[in-house]
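Just so it is clear, none of the values below were taken in a lab; they were calculated from the coordinates. It should be emphasised that the depicted structure is a prediction, and the values quoted were computed from it without experimental measurement. Virtual Cβ from ideal backbone geometry, glycine too; neighbours counted across all protein chains shown.
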Amino acid sequence: MVALRLGSFAAASKMRNMIRKVILPVIVIMAASACAVSAPRGPNRAAVVMKLDETEGHICMGAGEVKPGDRVTLFKNQCTGPTPGKKVVSPACKRQQLGGGEVIRTLNEHYSVIRVDPGVQFEVGTMVEKL
């Protein structure tokens, strides 16, 4: 009876080790890669991550990428989905320019604050490209 209990203890211990060494790292890698897929790609590209008011927002470009005075252009994706009753293979998206703005200060190596030009409307997720 004691040998049976020790055997089940060893099996449970092996299972915990496998979860800790294999399964957990795989889950972490999958979660991290999912975030990377949705981010803008390419040099000098970022997104608005926090809107402070109608004219200012934080972008995910920091010191070393931008500096105060740098000009940026803001874009959004204009996508059309399938129309009910019509055959459309896949939705089509176009990049639409919203206007410009300027970096007013860098916060750290990851984030900066921009001020958009008068009349430019933006939101969290708006794409930003350094000129």
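Applying the Kirkwood pairwise sum to the alpha-carbon positions of the stretch 40-130 produces a hydrodynamic radius of 13.8 angstrom. Cβ-to-Cβ counts within 10 Å put CYS60, CYS93, CYS79 in ascending order as CYS79, CYS93, CYS60, the fewest first. Per-residue Cβ neighbour counts within 10 Å put HIS110, HIS58 in the sequence HIS110, HIS58, beginning with the fewest. Our estimate of slack between VAL124 and LYS21, defined as 0.36 nm per intervening residue step minus the Cα-Cα distance, is 33.4 nm. When each of VAL48, VAL124 is scored by the number of other beta-carbon atoms lying within 10 Å, the sequence from fewest to most is VAL124, VAL48.
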